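First up is the structure itself, then whatever we jot down about it.
None of the figures in this text is laboratory data; all of them are computed from the coordinates on show. Predicted, not measured: the structure shown is a model, and the values here were computed from it. We place every Cβ from the backbone using ideal geometry, glycine too, and count neighbours over all the protein chains shown.
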Amino acid sequence: MGLYAKSGRSISVNKLDDARKYLVGVQRDGYTMQFLAEQGFKKLDPSAQPIPNLRKLLAGRNDLWFSNNAVVASNLNKLGKDESAITLVFEVSETSVYIAFNKDTSDEVINRWQAALDQLVQEGAVWKTLSDRALTTVFPKAFQRMANPNPK
């Protein structure tokens, strides 16, 4: 989850409190709106769907958009925009990616899954998949570190 700005804007957010001075697009009655309202934010611009928030951000009608990485990537794609159109200016919370197993799954099976994932990461297949789908900058930082052990 993070605060995104239109690329090229000189918006600096080093801590959540810095974002108070900006107009922030949020999901109406969703987690992002509730979270910022609980933090005392007043300059919120709620929309029922993510596409209007992204359009307002790109048009300069909002300064920031508070959303999660998957929603950002999906909606940039829907609008035919490249991931470079917006920039993550502040990560509010880090997201991790997990695979869940039934509680009765043996340690052997889980270890084989982990070994296969580790091999895909080591071979660069995870990073290539993210790169091919233009997800390298909007995916969670934690996953970027795992997926690209040798960043440029």
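Output the antiparallel fraction of DSSP beta bridges having both residues in the range 2-91, as a percent to the nearest 5. So the antiparallel bridges amount to about 55 percent of the total. Modelled spin labels at TYR31 and ASN14, positioned 7 Å past Cα toward Cβ, are 2.8 nm from each other. Counted residue by residue at 0.36 nm each, then reduced by the alpha carbon distance between them, the extension gain from GLN49 to SER106 reaches 16.4 nm. Counting other C-beta atoms within 10 Å, and keeping those with at most 12, which DSSP coil GluC sites (Glu not before Pro) do you find in the range 36-95? Passing sites in the range 36-95 are GLU94.
Tell me, how many Å apart are the Cα centres for the range 29-44 and for the range 71-94? For the range 29-44 versus the range 71-94, the Cα centre distance is 20 Å. Here LYS43 is the anchor, and the aspartates and glutamates within straight C-alpha reach of less than 14 Å, apart from those fewer than 8 places off in the same chain, are ASP17, ASP18, ASP63. Legend: distances between Cα atoms for LYS15/LYS81; LYS15/LYS78; LYS42/LYS81; LYS15/LYS42; LYS21/LYS56; LYS42/LYS78; pairs beyond 21 Å are LYS15/LYS81; LYS15/LYS78; LYS42/LYS81; LYS42/LYS78. Normalising the average separation of contacting C-alpha pairs (under 8 angstrom, six or more residues apart) by the number of residues puts the relative contact order of the range 2-91 at 47 percent. Sequentially through the range 47-54, phi angles give Karplus couplings (6.51, -1.76, 1.60; θ = phi - 60°) of 10, 6, 10, x, 4, x, 4, 5 Hz, Gly and Pro residues having no value and appearing as x.
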